[in-house]
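The values are calculated or read from the model by the stated rules, or taken from the named source; none is laboratory data. Values in this document were obtained by computation on a predicted structure and should not be read as measured data. Glycine gets a Cβ as well: all are built from the backbone with ideal geometry, and neighbour counts include every protein chain shown. Keep in mind that these areas ignore ligands, DNA and RNA; they rest on the heavy atoms of the full protein, side chains included. Shrake-Rupley method; radii C 1.70, N 1.55, O 1.52, S 1.80 Å.
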Amino acid sequence: MTEHDWSDVRERLARLAAAPAAGEVFGAGAHEWVVEPPLTPAELAEVESQLRVELPGEYRSFLLQVGRGGAGPAYGLFGLRRVDGRWTWDGDGSDLTALATLDQPFPFTEAFNQADGVPEMPDADDFDSTEEYEAAEQAWWERHDAVMYDPALSVGLIYLCHRGCALRDALVVSGPARGTMWSDGTAEESGFEPLLDADGTPLGFAGWYRHWLDQATTTAGADHHAT
């Protein structure tokens, strides 16, 4: 299991909060550089027991060392909450995480666009009446939504971040791409794709989070002292 040393993160976030241009970092007004308390080992064990899956090591260690949500890419990391005894994520789009199927493998390893499977929208000129066209259009939208929002596309994914305009990033927790971060562009019909480092290597949670942290440090004009 891949672990990660997160001991520098809280100090870096504190410097970012005090930086001259902290407010220029996209989404900072939402999370305000605050991270929620970390999970206890007992709480994490309860989370994993309920989900029937061991979380990828980099995210797992973040939850234990840094926090269960808060300051992070875009509008921040969705927080983990215990609601009526059940653990779930909270945030704009966190409901896309299907808790019941997190232990089922996300089957993809390469980018795909489910919109490619949607037929062409009907043309009104091809119908003899407005009623026939409206019926065909309604059927098309039903087919469109069934393809675009097929629950099978997001098994094994934990949605962690809302990037704006209903675009979101997710962590693969089951399947051949386990541990990597993916973007979900369903809202703009651009499909799903793995997030990549500059050299084309798939980003794990640590690379994804630290890439944001480095960019935020540059944008905000904060000092970055390695620890």
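Does residue 75 meet the test of being part of a helix (DSSP H, G or I), modelled with pLDDT of 95 or more and not small (Gly, Ala, Ser)? The answer is no for residue 75. Inclusion of residue 3 among residues that are open to solvent by 50 Å² or more (accessible area, probe 1.4 Å), of a type in the set (Asp, Glu) and under 18 Å from residue 217 (Cβ atoms) is not warranted. Of everything in region 10-37 that is open to solvent by less than 30 Å² (accessible area, probe 1.4 Å) and out of contact with any Phe, Trp or Tyr (no Cβ under 8 Å at 6 or more places or on another chain), the residue that is nearest to residue 62 (Cα to Cα) is 35.
When region 73-94 is filtered for residues that are touching a residue at least 60 places away in the same chain (Cβ under 8 Å), of a type outside the set (A, V, I, L, M) and under 18 Å from residue 157 (Cα atoms), the ones remaining, listed by number, are 73, 76, 78, 89, 91, 92, 93, 94.
Where helices (runs of 4 or more DSSP H) fall entirely within region 1-68, those with at least 3 residues that are closer than 19 Å to residue 205 by Cβ are at 9-17, 41-51, 57-65. With respect to the stated conditions, residue 59 is under 29 Å from residue 189 (Cβ atoms), open to solvent by less than 10 Å² (accessible area, probe 1.4 Å), touching a helix residue (DSSP H, G or I) at 6+ places or on another chain (Cβ under 6 Å) and of a type in the set (Ser, Thr, Tyr).
I'd like to know if region 195-207 contains one or more residues that are of a type in the set (S, T, N, Q) and open to solvent by less than 20 Å² (accessible area, probe 1.4 Å). No - not one qualifying residue is present in region 195-207.
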